[in-house]
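The values are calculated or read from the model by the stated rules, or taken from the named source; none is laboratory data. No experiment lies behind these values; they were computed from the predicted model shown. Virtual Cβ from ideal backbone geometry, glycine too; neighbours counted across all protein chains shown. Surface accessibility is based on the protein's heavy atoms, side chains included, excluding ligands, DNA and RNA. Shrake-Rupley method; radii C 1.70, N 1.55, O 1.52, S 1.80 Å.
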Amino acid sequence: MKILVCVDGSEQSVKALHEAANLARGYNTDEITVIHVFVSRRAAYFGEVGFPTSEILAYYRDLEEQEKENSKKILLQAMEILEGMHLKAKTIFRQGHPAATIAQVVEEDGFDLVVMGSRGLGGLKKVLLGSVSNAVLQEVSASVYIVK
């Protein structure tokens with residue numbers, strides 16, 4: 001069974017990692033793939049400042065690079081958690097819209113199961129599901145296990 005677990009650094013995604021590990025053991029799977037989708041906020045930044053100067057462009061470029069490095073740390077931490085549980089971990093780092101990117105990876109790589117938290121680091125709390133988990137649930141053909 002090919003398992004993909006989605007992480008964003010939230011407490012929910014850490015819970016999802018642990019659930020994915022338990023599921024992997026139950027299916028005698030010794031490897032889990034972990035994905036983190038980096039969301040560029042560059043367009044939002046530029047909307048705040050109007051027409052950007054070269055100094056502003058450099059500032060936001062540096063800010064985005066710092067955010068990418070933090071995103072890569074999220075994957076590294078996830079890998080360490082899984083390896084600490086004696087599971088192999090493969091990581092995927094992508095940039096784009098989270099739900100669409102996850103759905104694309106699921107379909108391209110033929111994952112059987114997607115494990116993710118019910119809510120991530122988004123600003124607004126949804127009544128039942130976060131917007132990304134809800135969109136993934138609707139878009140993929142694989143089974144989706146949502147962890148609360």
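Between beta-carbons, use under 13 Å as the cut-off and find the net charge around I102, counting Lys and Arg +1, Asp and Glu -1. In short, -4.
In this view, the solvent-accessible surface of K90, computed with a 1.4 Å probe and all protein chains in place, comes to about 100 Å².
With a 1.4 Å probe rolled over the protein heavy atoms of all chains, the accessible area of H97, H36 falls in the order H97, H36, largest first. At full extension, E64 and E139 could sit 24.2 nm farther apart than now, given 0.36 nm per residue minus the alpha carbon distance.
Legend: distances between Cα atoms for K68/K88; K73/K148; K2/K90; K15/K73; pairs beyond 21 Å are K68/K88; K73/K148. Ordered from highest to lowest accessible area with the whole protein assembly present and a 1.4 Å probe, E80, E67 read as E80, E67.
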